[in-house]
Amino acid sequence: MLPCGTYPGSYQEDIAVVRTRLQWGLLIAGLALLFCLPLFTDLRWMSFINITMIYIIAVLGLNILTGYCGQISIGHAAFMAVGAYTSAILVTKLGFPFWVALPCAGIMAGLVGLIFGLPSLRVKGFYLVLATLAAQFIIMWVIMRIRFLTGGYAGIKVPRPELGGIVFDTDQSYFYIIAVLLVIMTFLAKNIVRTKVGRAFI
């Protein structure tokens with residue numbers, strides 16, 4: 001939405017996400033407030049905020065799938081688990097740095113989603129819901145059974161990430177990793193739907 005009397009002068013201005021000085025100011029102020037949260041938030045709320053931001057990142061993908069493509073998925077949590085366990089296994093079992101394991105986790109979650117997604121191209125409606133529900137049960141069953149990799153119900157204890165000698169060992173420091181990823185993923189999700197592929201989704 002643009003203020004009354006404000007009109008785009010070119011196509012680039014028309015498709016821009018942030019168009020006016022007020023919008024730029026609000027964006028900068030919002031980001032500044034976001035990254036200052038750890039300075040005046042206690043430990044209990046910090047943990048809650050971190051978990052909430054992780055869920056927001058996951059919901060960005062679900063919004064594209066359901067909100068723009070109109071497809072219903074019940075197996076979204078299972079694909080989150082695939083990414084989480086992939087990252088943990090790469091770090092603890094194979095000695096990958098956290099920063100390398102993180103994008104690998106997203107790639108693996110996408111590949112597993114592709115395994116269930118390709119057969120689902122042949123079905124629609126209620127049957128697609130059943131396919132994603134099956135993915136939820138199958139993935140979680142496999143994770144709980146390959147205990148030598150996943151630790152079963154006990155899970156995996158993962159060492160804290162480091163960057164340039166800085167150890168992210170508190171909820172306050174971990175917040176900055178999640179917040180940066182949230183900003184990047186929000187930007188990418190917003191711009192995906194503005195591309196040719198995104199318009200095809202809609």
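Per residue, the convex hull spanned by the Cα atoms of segment 9-86 amounts to 149 cubic angstrom.
Normalised per residue, the accessible area of segment 58-177 is 61 Å², obtained with a 1.4 Å probe and no contribution from ligands, DNA or RNA. For the peptides 81-89, 23-31, the ranking by mean Cβ contacts within 10 Å, running from highest to lowest, is 81-89, 23-31.
Under the criterion of Cα pairs below 8 Å and six or more residues apart, the relative contact order for the chain equals 28 percent. For Phe175, the shell of other residues with beta-carbons less than 15 Å away shows a net charge of -1, using +1 for Lys and Arg and -1 for Asp and Glu. Given [x] 71, 40, 37; [y] 53, 38, 35; [z] 64, 50, 27 as candidate values of Cα extents along the principal axes in Å, which corresponds to the one derived from the coordinates? So the structure-derived entry is [z]. Spin-label model, Tyr176/Trp141: points 7 Å from Cα along the beta carbon direction are separated by 4.5 nm. Let me see the P(r) profile for segment 148-202: every Cα-Cα distance counted, bins of 5 Å, each bin given as a percent of all pairs. Reading upward from the zero bin: 4, 15, 13, 12, 13, 14, 10, 13, 5, 0. The modelled label-to-label distance for the pair Thr92/Arg19, using points 7 Å beyond Cα in the direction of Cβ, is 5.0 nm.
At full extension, Arg199 and Glu162 could sit 9.4 nm farther apart than now, given 0.36 nm per residue minus the alpha carbon distance.
The values are calculated or read from the model by the stated rules, or taken from the named source; none is laboratory data. Here the structure is a predicted model, which means the values were calculated and not measured. Methodologically, a virtual Cβ is constructed for each residue, glycine included, from the backbone with ideal geometry; neighbour enumeration extends over all protein chains shown. Calculation scope for accessible area: heavy atoms of the full protein, side chains included, ligands and nucleic acids excluded. Shrake-Rupley method; radii C 1.70, N 1.55, O 1.52, S 1.80 Å.
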